[in-house]
Amino acid sequence: MAEHVQTAPTRDPHPAYPVGLRLAGRRVVVVGGGQVAQRRLPALIAAGADIVLVSPSAKPSVEAMATAGEIRWERRRYEEGDLDGAWYVLVASSDPDANRTASAEAERARVWCVRSDDAEAATAWTPATGRSDGVTVAVLTGRDPRRSAAVRDAVVEGLRDGTLAAPRHRAPTPTNTRTGAGEAPENPQPPTVALVGGGPGDPDLITVRGRRLLAQADVVIADRLGPRDLLDELPPHVEVIDAAKIPYGRAMAQEAINEALIEHARAGKAVVRLKGGDPFVFGRGMEEAHALAAAGIACTVVPGISSSISVPGAVGIPVTHRGVAHEFTVVSGHVAPDDARSLVDWAALARLRGTLVVLMGVDKIGPIARALVEHGKAPGTPVALIQEGTTAAQRRVDATLATVAEVVRAEGVRPPAVIVIGEVVALGDGG
């Protein structure tokens, strides 16, 4: 019986040499206005190329590019001389004779030529290309375009979701040999801070951009309500600072948080301020942005999924529903309705027919419910309290405005919890 011998794949003795073309302002000729042109033209336009399309006809989307002035369209067959002054040519027509003519002229003129109909006859190949956060990923696997695309997708996805860490280069702060003090580098990176909304708690619900910035961070200043599980994924060198404002417990003063953000950014470190929900929904994000601006530090705001809509959704409660609620209102319940510091018009809220979502209101739910009923809300209005929403500890407790204060005490509901008031509660899984 013959022995089966598995041979290794044959290596290309002359693999393609990868290079990035800087085509801004340079003449590029595209032959053919079909599907290939439709796919390739946007990248050439983005590169700033001076594009001439030579084709008797074109797909509507390609024609729209010409109408918008992004490309020039010669509505005819390819002719000798069309490559005069060109730096690059994409041959992608359905006319074999035109393709061969253009390719031959490109060879004579020493113009790099990509051919969609015959890769072997081409002098250049288009890689599978993807982009993420200023990085261009281009993959060539010889004559296997599907593999090129698969590798490209894996790398781009890793960059986007932060599973493939690619920290930006930052010049280190040199140390004064006499004093040991840090000195500013000659060409320092401008200090920046990212205010990242981490979503309602489930680490899978942070945005792709937020996760990527976490992977690039040197310092993370994190709230308790941020997706804490993501902190375990950070490399050992990342400094994590606990800025938790824990109800009924210790708190890091906002001024101290601002100072920490500024201090670490000025040291040339990539700083991420990781918050729960969205930075600008009761997250004091604007206070931090103002402090950074006053210190001359650039700030990037990465929106997050607010717990006001995601947590009710996680237990099957829609904050709006056709025929039930045409609006929803989100309010802070951290001060009682009769508190002089309250900025909420509870009388107006009681008159609304839509959904009311209360954040940070567990310990004030009794006075809140009484105020709503006193101003005309029906005592039997359904209420749902969702504690630790979207996390493994999530639980839902249902009540009405008349019973909610007692139910909270009896069930031991504690922060963080999102409170939903309105008829939509009855539509959810626990209604």
Quiz prompt | Test: residue in the range 233-247 that is crowded, with 20+ Cβ neighbours inside 10 Å, over 25 Å from residue 388 (Cβ atoms) and either in contact with a strand residue (DSSP E or B) (Cβ under 7 Å, 6 or more places away or on another chain) or of a type in the set (Lys, Arg) (or both) | solution = no
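So that you can scan it fast, the table gives a plain yes or no per residue for (1) assigned to a strand (DSSP E or B); (2) among the polar types (S, T, N, Q); (3) in contact with a strand residue (DSSP E or B) (Cβ under 7 Å, 6 or more places away or on another chain); (4) not assigned by TED's automatic domain parsing to the domain that holds residue 277:
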site: 317; (1), (2), (3), (4): no, no, yes, yes
site: 323; (1), (2), (3), (4): no, no, no, yes
site: 331; (1), (2), (3), (4): yes, no, yes, yes
site: 334; (1), (2), (3), (4): no, no, no, yes
site: 343; (1), (2), (3), (4): no, no, no, yes
Self-check item: Residue in the range 118-140 that is surrounded by the most Cβ atoms within 10 Å (Cβ to Cβ), counting only those that are within 21 Å of the chain's Cα centre (by Cα) and of a type in the set (Val, Ile, Thr)
Solution: 137
Quiz prompt | Single unsatisfied condition, residue 48 versus (1) more than 24 Å from residue 156 (Cβ to Cβ); (2) in contact with a Gly (Cβ under 7 Å, 6 or more places away or on another chain) | solution = (1)
Self-check item: Unique match (being assigned by TED's automatic domain parsing to the domain that holds residue 360 and under 18 Å from residue 309 (Cα atoms)) among 401, 385
Solution: 385
Quiz item: Name the residues in the range 288-304 that are surrounded by fewer than 22 Cβ atoms within 10 Å (Cβ to Cβ), in a loop (DSSP other than H, G, I, E, B) and on the phi < 0 side of the Ramachandran plot, would you?
Solution: 295, 297, 303
Practice problem: Kindly indicate whether residue 33 is on the phi > 0 side of the Ramachandran plot, in the same structural domain as residue 88 (by TED's automatic domain parsing) and assigned to a loop (DSSP other than H, G, I, E, B). | Solution: no
Quiz item: Does at least one position in the range 214-227 carry a residue that is in contact (Cβ under 8 Å) with a residue 60 or more places away in the chain and either farther than 27 Å from residue 363 by Cα or in a strand (DSSP E or B) (or both)?
Solution: yes
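Taking the residues in the range 90-108 that are under 18 Å from residue 52 (Cα atoms) and aliphatic (A, V, I, L, M) as candidates, determine which candidate is surrounded by the fewest Cβ atoms within 10 Å (Cβ to Cβ).
Among those residues, the one meeting the criterion is 98.
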Self-check item: Residues located in the range 367-393, provided they are within 24 Å of residue 228 (Cβ to Cβ) and either touching a helix residue (DSSP H, G or I) at 6+ places or on another chain (Cβ under 7 Å) or not in a loop (DSSP other than H, G, I, E, B) (or both)
Solution: 385, 386, 387, 389, 390
Quiz prompt | Some residue of the range 402-416 being over 28 Å from residue 227 (Cβ atoms) and in contact with a Ser or Thr (Cβ under 8 Å, 6 or more places away or on another chain) | solution = no
Practice problem: Within the range 45-75, track down each residue that is in a helix (DSSP H, G or I) and surrounded by 21 or more Cβ atoms within 10 Å (Cβ to Cβ). | Solution: 62, 65
Exercise. Among what's in the range 417-431 and is farther than 22 Å from residue 228 by Cβ and touching a helix residue (DSSP H, G or I) at 6+ places or on another chain (Cβ under 6 Å), pick the residue that is surrounded by the fewest Cβ atoms within 10 Å (Cβ to Cβ).
Key: 431
Quiz item: Within the range 395-405, is even one residue part of a helix (DSSP H, G or I) and at pLDDT 95 or above?
Solution: yes
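The values are calculated or read from the model by the stated rules, or taken from the named source; none is laboratory data. Computed from a predicted structure; not experimentally measured. Using ideal geometry, Cβ is built from the backbone for each residue, glycine included, and neighbour counts are taken over all protein chains shown.
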